[in-house]
2 protein chains.
Amino acid sequence: MTKTTRDKLIDAMIDALQRRGLHGVGLSELLAAADAPKGSLYHHFPNGKTELAVAAIERVGQRAEQAFATLFERQSDPLDALTIWLQSALGQLQDSAFERGCPLATVALESGPQDHEIRAALASAFVAIRQALQQQLQRHGYPQPEGLAALFVALYEGGLLQARVAGSSEPLKQAVATLLHLTRQHRTESPPA
Amino acid sequence: MTKTTRDKLIDAMIDALQRRGLHGVGLSELLAAADAPKGSLYHHFPNGKTELAVAAIERVGQRAEQAFATLFERQSDPLDALTIWLQSALGQLQDSAFERGCPLATVALESGPQDHEIRAALASAFVAIRQALQQQLQRHGYPQPEGLAALFVALYEGGLLQARVAGSSEPLKQAVATLLHLTRQHRTESPPA
DNA sequence: GCCCAACTAGACCGACCGGTCTACATAATT
DNA sequence: AATTATGTAGACCGGTCGGTCTAGTTGGGC
């Protein structure tokens with residue numbers, strides 16, 4: 001299976017978003033990474049960089065949903081799934097010398113309300129992620145599943161951010177340990193109906 | 001008291017970092033906002049944009065430390081202080097039509113290990129913030145104060161991020177409510193020595 | 001009044017940005 | 001074999017980027 005040029009472009013964009021964000025990467029850099037000429041970019045994505053970014057965001061969203069699906073399927077306790085998720089993010093961060101964070105976070109902060117296409121793609125990706133978490137938490141009887149879902153996503157984003165600037169996994173590890181502890185305890189004390 | 005050109009430049013940079021991040025703002029935009037010519041920028045900050053960004057980051061760090069100091073001084077329970085802190089961030093976000101987030105977050109994600117000056121400034125700002133929180137939590141007998149501090153910072157960063165892309169305060173509000181609930185409960189059940 | 005440092009002012013520069021356009025290769029269609 | 005859609009290739013363009021440099025202004029020390 002040979003990757004199509006389109007796929008290579010999207011993957012290169014995802015990688016770029018993880019490392020530097022949308023404004024941080026130039027087209028030439030992107031094209032070099034994807035080993036594609038400019039003509040191909042504008043053939044597959046007539047609206048240029050923005051359209052490519054939207055496609056990248058959508059792909060990330062799809063991958064996340066899929067990853068959650070299999071993760072929750074295999075873990076009986078959603079907190080175990082969450083732990084694995086956070087740990088794998090941490091692993092990727094460490095393996096890349098603290099360069100690769102969340103592919104959505106940087107664009108999210110770089111974009112404004114006027115970048116409506118990008119914002120729309122981001123918004124629906126985040127909604128999907130939160131909903132997936134919420135459903136699983138709810139199903140297993142955790143109270144305040146919506147708040148917990150938003151909290152875990154915040155922990156992921158905020159924790160990765162702190163780990164990156166610190167150049168260390170410690171802040172994230174500690175925050176994760178603390179939240180898991182709090183949550184398990186909470187669950188234990190207010191069992192499902 | 002008239003603001004000096006240097007101060008106006010720093011404040012303009014802080015505002016820019018909150019809205020769009022470092023790569024997202026051009027010098028011309030910055031200079032227009034500060035109502036200063038290019039010559040002044042390079043007089044006060046010979047290393048240009050980067051040096052100005054570092055100064056902005058440092059000022060944000062100082063302001064944060066100061067804000068925490070007075071906040072914790074006035075609130076007997078650190079959780080109340082934390083609540084006020086999170087709510088004021090939310091207020092600023094709403095008042096700016098979801099444009100103004102954390103001034104450190106975007107640069108944090110845009111920068112890489114090679115931007116060592118910026119990273120150093122960011123790292124020390126985050127350490128200072130976490131330490132301030134940790135001290136207060138510890139002093140009031142909360143268990144795992146270090147993890148809790150990192151967790152609250154993550155909630156702040158990750159929550160603001162989610163609120164921005166959602167164009168709504170709901171995700172952050174819910175996450176805050178949930179974490180406060182969990183933390184209070186935890187504290188109650190394991191009182192200080 | 002003179003001088004010198006601090007600062008303001010903006011013209012100017014090369015590099016690079018994202019984007020367009022034409023020419024060409026390739027492959028499916030008939 | 002001729003034609004047509006699909007995609008590759010990169011020269012080229014105007015605009016903007018961050019940064020440099022020279023000239024002028026301002027105000028305090030003497």
Among the numbered conditions (1) more than 14 Å from every other protein chain (Cβ to nearest Cβ); (2) acidic (D, E); (3) in contact with a Pro (Cβ under 8 Å, 6 or more places away or on another chain), tell me where B:E65 comes up short. (3)
What number of residues within region B:80-108 are open to solvent by 60 Å² or more (accessible area, probe 1.4 Å), in contact with a helix residue (DSSP H, G or I) (Cβ under 9 Å, 6 or more places away or on another chain) and within 25 Å of A:H116 (Cβ to Cβ)? 3
Working only within region B:131-157, note down all residues that are open to solvent by less than 20 Å² (accessible area, probe 1.4 Å) and in contact (Cβ under 8 Å) with a residue 60 or more places away in the chain. B:L133, B:Y142, B:F152, B:L155
How about region B:24-57: which of its residues are within 19 Å of A:L109 (Cβ to Cβ), part of a loop (DSSP other than H, G, I, E, B) and either within 7 Å of DNA strand D (Cβ to nearest atom) or aliphatic (A, V, I, L, M) (or both)? B:V25, B:G26
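Can you tell me which of B:F68, B:F72, B:F45 is aromatic (F, W, Y) and within 15 Å of DNA strand C (Cβ to nearest atom)? Write out each step before concluding.
Working: B:F68 fails: within 15 Å of DNA strand C (Cβ to nearest atom); B:F72 fails: within 15 Å of DNA strand C (Cβ to nearest atom).
None of the other options fit; the residue is B:F45.
Please indicate, with yes or no, whether at least one residue in region B:178-185 is in contact with a Lys or Arg (Cβ under 9 Å, 6 or more places away or on another chain), surrounded by 21 or more Cβ atoms within 10 Å (Cβ to Cβ), at pLDDT 95 or above and part of a helix (DSSP H, G or I). Working first, answer last.
From region B:178-185, those in contact with a Lys or Arg (Cβ under 9 Å, 6 or more places away or on another chain) are none; that's our starting set.
No, there is no match, as no residue in region B:178-185 is in contact with a Lys or Arg (Cβ under 9 Å, 6 or more places away or on another chain), surrounded by 21 or more Cβ atoms within 10 Å (Cβ to Cβ), at pLDDT 95 or above and part of a helix (DSSP H, G or I).
Could you run through region B:145-154 and say how many residues are at the interface with another protein chain (Cβ under 7 Å from one of its Cβ atoms), among the hydrophobic types (A, V, I, L, M, F, W, C) and over 17 Å from B:Q66 (Cα atoms)? Talk me through it step by step, then tell me what you get.
First pass over region B:145-154, keeping only residues at the interface with another protein chain (Cβ under 7 Å from one of its Cβ atoms): B:146-148, B:150-151, B:153-154.
Among the residues that remain, those that are also among the hydrophobic types (A, V, I, L, M, F, W, C) are: B:148, B:150-151, B:153-154.
When the remaining residues are screened for being over 17 Å from B:Q66 (Cα atoms), the result is B:148, B:150-151, B:154.
Qualifying residue count for the region: 4.
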For the list (1) touching a helix residue (DSSP H, G or I) at 6+ places or on another chain (Cβ under 6 Å); (2) open to solvent by 40 Å² or more (accessible area, probe 1.4 Å); (3) among the aromatic types (F, W, Y), I need the number of the one condition that B:F72 fails. (2)
Subset of region A:1-21 that is part of a loop (DSSP other than H, G, I, E, B) and in contact with a Gly (Cβ under 9 Å, 6 or more places away or on another chain) - its residue that is nearest to A:L104 (Cα to Cα): A:G21
With respect to the numbered conditions (1) over 30 Å from A:Q134 (Cα atoms); (2) within 12 Å of DNA strand C (Cβ to nearest atom); (3) open to solvent by less than 50 Å² (accessible area, probe 1.4 Å); (4) of a type outside the set (S, T, Y), which one is the sole condition not fulfilled by A:A16? (1)
Residues that are among the hydroxyl-bearing types (S, T, Y), outside any helix (DSSP H, G or I) and more than 9 Å from every other protein chain (Cβ to nearest Cβ), drawn from region A:90-144: A:S96, A:Y142
Check A:S40 against each of (1) among the hydroxyl-bearing types (S, T, Y); (2) at pLDDT 95 or above; (3) away from DNA strand C (no atom under 13 Å from the Cβ) and name the one condition it does not meet. (3)
Pick from region B:48-65 the residues that are within 16 Å of DNA strand C (Cβ to nearest atom) and aliphatic (A, V, I, L, M): which of them is surrounded by the fewest Cβ atoms within 10 Å (Cβ to Cβ)? B:A55
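If only one of B:S88, B:S76, B:S28, B:S96 is among the hydroxyl-bearing types (S, T, Y), modelled with pLDDT of 95 or more and over 22 Å from B:S169 (Cβ atoms), which one is it? Step through it out loud before you land on a result.
Values: B:S88 fails: over 22 Å from B:S169 (Cβ atoms); B:S76 fails: modelled with pLDDT of 95 or more; B:S96 fails: over 22 Å from B:S169 (Cβ atoms).
Criteria check complete, one pass: B:S28.
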Given (1) within 15 Å of DNA strand C (Cβ to nearest atom); (2) open to solvent by less than 70 Å² (accessible area, probe 1.4 Å); (3) on the phi > 0 side of the Ramachandran plot, number of the condition B:T5 does not satisfy: (3)
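Can we say A:T4 is within 14 Å of DNA strand D (Cβ to nearest atom) and of a type in the set (S, T, N, Q)? Don't jump to the end; show me each part of the working.
Numbers: within 14 Å of DNA strand D (Cβ to nearest atom): yes; of a type in the set (S, T, N, Q): yes.
Spelling it out, A:T4 is indeed within 14 Å of DNA strand D (Cβ to nearest atom) and of a type in the set (S, T, N, Q).
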If you go through region A:158-169, how many residues are within 8 Å of chain B (Cβ to nearest Cβ) and either surrounded by fewer than 24 Cβ atoms within 10 Å (Cβ to Cβ) or touching a residue at least 60 places away in the same chain (Cβ under 8 Å) (or both)? 5
Number of the condition not met by A:G48 [criteria: (1) at positive phi; (2) touching a Ser or Thr at 6+ places or on another chain (Cβ under 9 Å)]: (2)
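The values are calculated or read from the model by the stated rules, or taken from the named source; none is laboratory data. Given the structure is predicted, the values throughout are model-derived calculations rather than measurements. Using ideal geometry, Cβ is built from the backbone for each residue, glycine included, and neighbour counts are taken over all protein chains shown. What goes into the accessible areas is simple: the full protein's heavy atoms, side chains included, and nothing from ligands, DNA or RNA. Shrake-Rupley method; radii C 1.70, N 1.55, O 1.52, S 1.80 Å.
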